[in-house]
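Contents: one structure, followed by commentary.
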Amino acid sequence: VSPDETGLGPYVDAMSAVHDLPLTSARRDEVIVQLARIRALAALVNDFELDDHLEPAPQFIP
Amino acid sequence: MQALSIGACARALAAGTVSATELADAALDRIAAQDGPIRSFTAVTPERARAQALAVDTARAGGEALGPLAGVPYAVKNLFDIEGVTTLAGAKLLEGNPPATADATLIQRLSQAGAVLVGALNMDAYAYGFTTENTRYGTTRNPSDTTRVAGGSSGGSAAAVAAGFVSFSLGSDTNGSIRVPSSFCGVFGLKPTFGRLTRAGAYPFVPSLDHVGPFAGSAEDLALVYDMLQGPDARDPHCTRRPVALTASGTDAGVRGLRIAVLGGYFEQWADADARAAAAHAARALGATDVVTLPEAERARAAAFVITASESGAFYLDRLRERAEEFEPLSRERLIAGAMLPAAWYLKAQRFRRWFQQAAARVFENYDLLIAPATPCTATLVGAETMKLNGVTVPVRPSIGLLTQPISFIGLPVATAPLRTEDGRPIGVQLIAAPWREDVCLRAARALEHAGIARAAIVPELTA
């Protein structure tokens, strides 16, 4: 999948601005490819229905 | 001379046939002569090693009791703080940091036990990788076959043991970084329960998933070292306050009475014929006939991937902004992408982690030990970008951890035992127990060793 086909370009541009993290054109393309790979895996998790009372795993112990 | 087992070191020292200084010099000589093509070390510490060895010899001459690891040479992944040495975590980015002012807690404990530190070991930059192909410090090659990778990210730790440079080593495992190189290099490795061993003085990567643990040439040595590493440590907020649970004296108990099963489903799907054969061989030897499924293992691997990307990207964000050119090219864009992930993805992955933990707990109501391949295949070629896995072409670097990630995701203890393929290549199996039952993992590893099925692939003599 080419970077343009992912539809993630505008998101990466926005996050680059939010993070004050300028990207060269080549680096931007590679970040998009990496983000697309993570998005595909995240979709597996995001599609999974969880009980509302299930809390995140980390525990803060004061 | 290749490194001796811990027991052999103790016997030789007790008999007076060798001194700790001679053991240290032998290790240093072998590293100097033979690590060139392997590149397992990034720093050697001869002055420290000789001073520690001399202290052991002086104590012995004075009739003092020696520690359990007296005179035993070892080395650590270069993310552990060594006093006087800059902690690199495999990264050029950290080269300018001042030297560590104190040893990591685990190194302090090993020093108290009399072990002799000979140096720091190569790794994937930031611990983000499974091959130890490091653009700055070189590729750590597999001592069994130098055309192949050692695995990662603790590649130097496994290779140094497999090359006979040291009797044991320390590494870290976030997604498989002890188990993968153990499998590829053919040595024993232990990833304890999350929180069992302190990470104080170990450079972080993904704090909610990072583990540390030992590599060794036998299950017996693995248990001896592990026992010396245990204990609470207020410097690591995740480190357990549970009592120390010593294992070494119980590793010969065998597996009688243990309920053992092989993990099927996902763990078969993503294993090639060699890996499946290794798991089946171990299962036969341990008397396991049941095959069980760990539900949603593929999602667990995906969630571990998301958490890893998010935490590591956030951790390095400031330096990505200011010093991006100094980053490892194989990881830089992955880290940037990770820093951009929506918080909702990260938190869903952490909530799913709780779900998966509960699902695994139900499996452990019926079984004490689960067996799975440690890697989908044997060691891959240096520089390989893709590989075929049961007919599917997949990228090498992220795929090598397919079988380890779901397990470390929920912090289960795992020993990796080294088996061989039919044509003699190393490949490991994961021996997975319920939380805090490292003793079960080590008993099973020892049983496989006794049965003649698991044996470390220590290379007697390396050639350039």
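Can you tell me how many residues within the stretch B:272-299 are away from chain A (no Cβ under 14 Å) and in a helix (DSSP H, G or I)? Lay out the reasoning, then the answer.
Here is the first cut: in the stretch B:272-299, the residues away from chain A (no Cβ under 14 Å) are B:272-294.
Narrowing the set further to residues that are in a helix (DSSP H, G or I) leaves B:273-286.
So the count comes out to 14.
I need the full set of residues from the stretch B:168-184 which are assigned to a strand (DSSP E or B) and not hydroxyl-bearing (Ser, Thr, Tyr), in order please. Steps first, please.
Kept after step one, since they are assigned to a strand (DSSP E or B), are these residues of the stretch B:168-184: B:168-173.
Within the stretch B:168-184, B:168, B:170, B:171, B:173 qualify.
Go through B:61, B:70 for me and flag whichever is of a type outside the set (Phe, Trp, Tyr) and buried (at least 17 other Cβ atoms within 10 Å of the Cβ). Even if it seems obvious, please write down each step before you answer.
Values: B:61 fails: buried (at least 17 other Cβ atoms within 10 Å of the Cβ).
Just one listed residue meets the conditions, B:70.
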### Query
Can you spot a residue in the stretch A:53-61 that is loosely packed, with under 10 Cβ neighbours inside 10 Å, in a loop (DSSP other than H, G, I, E, B) and of a type in the set (A, V, I, L, M, F, W, C)?
yes
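Working only within the stretch B:150-192, note down all residues that are of a type in the set (Val, Ile, Thr), touching a Lys or Arg at 6+ places or on another chain (Cβ under 8 Å) and farther than 23 Å from residue B:27 by Cα.
Residues of the stretch B:150-192 that are of a type in the set (Val, Ile, Thr), as a first pass: B:161, B:166, B:174, B:178, B:180, B:187.
Still in the list and also touching a Lys or Arg at 6+ places or on another chain (Cβ under 8 Å): B:178.
Selection gives nothing.
Within the stretch B:328-358, work out how many residues are among the acidic types (Asp, Glu) and within 11 Å of chain A (Cβ to nearest Cβ). Can you show your working first?
From the stretch B:328-358, those among the acidic types (Asp, Glu) are B:328, B:333; that's our starting set.
The next check asks that each one be within 11 Å of chain A (Cβ to nearest Cβ); those that pass are B:333.
Final tally of qualifying residues: 1.
Yes or no, residue by residue, for (1) buried (at least 24 other Cβ atoms within 10 Å of the Cβ); (2) in a loop (DSSP other than H, G, I, E, B); (3) among the polar types (S, T, N, Q):
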position	(1), (2), (3)
B:87	no, yes, yes
B:107	no, no, no
B:111	no, no, yes
B:131	yes, yes, yes
B:146	no, no, yes
B:158	yes, no, no
B:166	yes, yes, no
B:197	yes, yes, no
### Query
Taking the stretch B:261-299 only, how many residues are crowded, with 22+ Cβ neighbours inside 10 Å and of a type in the set (Val, Ile, Thr)?
1
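Could you check, for the stretch B:53-76, whether at least one of its residues is of a type in the set (S, T, N, Q) and within 16 Å of residue B:168 (Cβ to Cβ)? First the steps, then the outcome.
Let us first name the residues in the stretch B:53-76 that are of a type in the set (S, T, N, Q), namely B:58.
Filter once more, so that each one left must be within 16 Å of residue B:168 (Cβ to Cβ): none.
No: the stretch B:53-76 contains no residue that is of a type in the set (S, T, N, Q) and within 16 Å of residue B:168 (Cβ to Cβ).
Yes/no matrix, rows are residues, columns are (1) of a type in the set (Ser, Thr, Tyr); (2) crowded, with 18+ Cβ neighbours inside 10 Å; (3) at the interface with chain A (Cβ under 10 Å from one of its Cβ atoms):
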{"position": "B:301", "(1), (2), (3)": "no, yes, yes"}
{"position": "B:310", "(1), (2), (3)": "yes, yes, yes"}
{"position": "B:313", "(1), (2), (3)": "no, yes, yes"}
{"position": "B:324", "(1), (2), (3)": "no, yes, yes"}
{"position": "B:360", "(1), (2), (3)": "no, yes, no"}
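Okay, residues lined up against (1) closer than 13 Å to residue B:335 by Cα; (2) of a type outside the set (Ser, Thr, Tyr); (3) more than 8 Å from chain B (Cβ to nearest Cβ):
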site: A:5; (1), (2), (3): no, yes, yes
site: A:8; (1), (2), (3): no, yes, yes
site: A:17; (1), (2), (3): no, yes, yes
site: A:21; (1), (2), (3): yes, yes, no
site: A:30; (1), (2), (3): yes, yes, no
site: A:33; (1), (2), (3): yes, yes, no
site: A:38; (1), (2), (3): yes, yes, no
site: A:48; (1), (2), (3): no, yes, no
### Query
Does residue B:189 fit the bill of being under 9 Å from the mean Cα position of the chain (by Cα), part of a loop (DSSP other than H, G, I, E, B) and in contact (Cβ under 8 Å) with a residue 12 or more places away in the chain?
no
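Okay, residues lined up against (1) crowded, with 21+ Cβ neighbours inside 10 Å; (2) of a type outside the set (Ser, Thr, Tyr); (3) over 22 Å from the mean Cα position of the chain (by Cα); (4) closer than 21 Å to residue B:146 by Cα:
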position	(1), (2), (3), (4)
B:9	yes, yes, yes, no
B:38	yes, yes, no, yes
B:46	no, yes, yes, no
B:53	yes, yes, yes, no
B:79	yes, yes, no, no
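The numbers here are math on the coordinates, done by the rules we state, and not lab data. None of these values were measured; they are calculated from a predicted model. For neighbour counting, all protein chains shown are included, and Cβ atoms are generated from backbone atoms with ideal geometry for every residue, glycine included.
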